[in-house]
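K.L.:
Below is a structure I'd like to ask you about.
The values are calculated or read from the model by the stated rules, or taken from the named source; none is laboratory data. Just so it is clear, the model here is predicted, and its values are computed rather than measured. Cβ placement follows ideal geometry from the backbone for every residue including glycine, while neighbour counts extend to all protein chains displayed.
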Amino acid sequence: MRLPGARVLRRPSLRRVVGGLRRPDIDLTARLGALTLPNPVMTASGTAGHGDELGSYLQLDTLGAVTVKSLAAFEWAGNPPPRLHPTAAGMLNSIGLQGPGIERWLADELPVLAGCRVVVSIWGRTVADYEAAATMLADAPDNVVALEVNLSCPNLDGGRHLFAHDAGLTREVMAATAVFTRPRFAKLSANTIELPRIATAAGEAGADAVTVANTMLGMVIDIEQRKLALGGGGGGLSGPAIHPIAVRAVFEVRAANPSLPIIGVGGIASGRDAIEMIMAGANAVQVGTASFADPRAPARVLDEMREWCRSHGVNRLDEIISAAQPDRS
Ligand code: RRO
């Protein structure tokens, strides 16, 4: 019997006891050459704008890094509309590298990312353009932690000339961007079976990590109008449709390059997708198209990765990198 007014002393729930014992934190540290990030989840270039577009949905400073849309040494208007088209399990884009140019970006957009680790994606039409972009960023504020050299945009010159389809050009651009002395990534293309060899070339030419991979070359035709659906012609396919392609690309780059850091990107929409990339050989991941449907996706993927590790007895991310590689040492 309980007296009126007596306080009920509840037994602490098992959950709180476990919480009280402080469950050990999972070590999700990501090592990408000279760059170490507290966790492996970044935004993918082109899917989170040039600034803090996702900032009202998630705390951007909790991510490994925010990768901004590719910038050039000059302002660029991009392709004519329409620029996006939904597809089965994904979308096709033909943005065409629209951007304000690095000078204006440094003045107007980078300040809103203060406190976040920022990866700046750069592009150019020539090797000299890349060098100019890297030079303009050489003295960027300290929160610019890395450069991602985008060698694989499918929407420049109709997708006919991707630097990332040529090992020699990949080497040249990576060498030319060495004026930026912080870590550099090379963003590559899975539209070529030469990808593993080109990744080797990027690493030899100074890339701290390779980002595998950009969108896949695609096209949509409006059959009523009898013309191409996107203003720029073809486009880049992204989203769940390309996830298995990206997993295989990462797997093959890892198999050919056992010690080259890899950032896996392509159709990652859940923690399980990200874990799959890690097991293929990625050291970190980027979340892109999933943010269009769920702007919290990068933070959610990070939470889900942590939870997956917890529920599978994985204490450090390093334990499962390349787990699916047959000759993992
Ligand atoms: O801007 C674009 O059209 C674009 C770029 Br830079 C890229 O790297 N990948 C992509 O699918 N679109």
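K.L.:
Select from segment 28-50 the residues that are within 15 Å of CYS116 (Cα to Cα), in contact (Cβ under 8 Å) with a residue 40 or more places away in the chain, outside any strand (DSSP E or B) and away from the ligand (no atom under 16 Å from the Cβ) and list them in ascending order.
P.N.:
Hits for segment 28-50 are ASN39, PRO40.
K.L.:
Anything in segment 116-133 that is under 19 Å from the mean Cα position of the chain (by Cα) and outside any loop (DSSP other than H, G, I, E, B)? List them, or say none.
P.N.:
VAL118, VAL119, VAL120, SER121, ILE122
K.L.:
Let me ask another. Out of the residues in segment 56-80 that are part of a loop (DSSP other than H, G, I, E, B) and among the polar types (S, T, N, Q), state the one that is surrounded by the fewest Cβ atoms within 10 Å (Cβ to Cβ).
P.N.:
Selected residue: SER56.
K.L.:
Looking at segment 95-105, is at least one residue without any contact (Cβ under 8 Å) to a residue 24 or more places away in the chain, more than 16 Å from the ligand (Cβ to nearest atom), surrounded by fewer than 20 Cβ atoms within 10 Å (Cβ to Cβ) and not hydrophobic (A, V, I, L, M, F, W, C)?
P.N.:
no
K.L.:
Could you check how many residues of segment 250-288 are over 17 Å from VAL301 (Cα atoms) and outside any helix (DSSP H, G or I)?
P.N.:
So the count comes out to 7.
K.L.:
Also: Among residues belonging to segment 154-176 that are out of contact with any helix residue (DSSP H, G or I) (no Cβ under 8 Å at 6 or more places or on another chain) and buried (at least 21 other Cβ atoms within 10 Å of the Cβ), point out the one that is nearest to THR192 (Cα to Cα).
P.N.:
Residue satisfying both the conditions and the ranking: LEU162.
K.L.:
GLU53 fails exactly one of the following numbered conditions: (1) free of Cβ contacts under 8 Å to residues at least 24 places away in the same chain; (2) within 16 Å of the ligand (Cβ to nearest atom); (3) loosely packed, with under 15 Cβ neighbours inside 10 Å. What is the number of that condition?
P.N.:
In the conditions (1) free of Cβ contacts under 8 Å to residues at least 24 places away in the same chain; (2) within 16 Å of the ligand (Cβ to nearest atom); (3) loosely packed, with under 15 Cβ neighbours inside 10 Å, GLU53 misses (3) alone.
K.L.:
Looking only at segment 208-221, count every residue that is within 29 Å of ARG83 (Cβ to Cβ) and assigned to a loop (DSSP other than H, G, I, E, B) and tell me the total.
P.N.:
5
K.L.:
Here is a list of conditions, (1) touching a residue at least 40 places away in the same chain (Cβ under 8 Å); (2) assigned to a helix (DSSP H, G or I), and HIS243 meets all of them except one; can you say which number that is?
P.N.:
(1)
K.L.:
Then there is this: Could you count how many residues in segment 1-50 are of a type outside the set (Lys, Arg), surrounded by 10 or more Cβ atoms within 10 Å (Cβ to Cβ) and modelled with pLDDT of 90 or more?
P.N.:
Final tally of qualifying residues: 24.
K.L.:
A follow-up question, please. Residue by residue through segment 161-207, note down the ones that are among the hydroxyl-bearing types (Ser, Thr, Tyr) and assigned to a loop (DSSP other than H, G, I, E, B).
P.N.:
Listed by number, the residues that qualify are THR181, SER189, THR192.
K.L.:
Would you be able to tell me the number of residues in segment 211-237 that are at positive phi and away from the ligand (no atom under 15 Å from the Cβ)?
P.N.:
The qualifying residues number 1.
K.L.:
Here's another thing I want to ask about it. Please give the number of the condition LEU230 fails out of (1) over 27 Å from ALA128 (Cα atoms); (2) surrounded by fewer than 24 Cβ atoms within 10 Å (Cβ to Cβ); (3) over 17 Å from the mean Cα position of the chain (by Cα).
P.N.:
Every condition holds for LEU230 apart from (2).
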